[in-house]
1. Checking residue 55 against (1) at pLDDT below 85; (2) under 13 Å from the mean Cα position of the chain (by Cα); (3) assigned to a helix (DSSP H, G or I), which test does it fail?
2. Could you list, in sequence order, the residues of the range 27-37 that are under 19 Å from residue 66 (Cα atoms) and either at pLDDT below 95 or within 20 Å of the chain's Cα centre (by Cα) (or both)?
């Protein structure tokens, strides 16, 4: 996961893009305005559940709040047609290896740690969701801005 400052900067960026105040975001996620200020300043580590809730309210993904750019892994995913999670983890600098028993291992701070099935499934779901979101926006950008007015015929 990215450092607290990166996540905080991204929360602020997406909050402002959505036109919300800190107080409004706090209300949406059931936290105080002070908590949002601390999150955005990078002063505290944000619990994963809260981070997912913030992403939902800001119409972005957990991956985007962590500052991970689609250009880092989408081209490699297209080239290799491999497991999106493994490509993603590798693209953000994790050394990923497959064990003889089919297990997945990630090297973090010089230590090789097994990736548990539940963690794998959660991460893979997020990566696939983000990949679809980015691909659809790249391949099919909105042609016309939405309007409250009904279309007219001539």
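The values are calculated or read from the model by the stated rules, or taken from the named source; none is laboratory data. In this text the structure is predicted, and so the values were computed from the model without any measurement.
1. Condition not satisfied by residue 55: (1).
2. If we filter the range 27-37 for residues that are under 19 Å from residue 66 (Cα atoms), which is where we start, we get 29, 35-37.
29, 36 - these are the residues of the range 27-37 that are under 19 Å from residue 66 (Cα atoms) and either at pLDDT below 95 or within 20 Å of the chain's Cα centre (by Cα) (or both).
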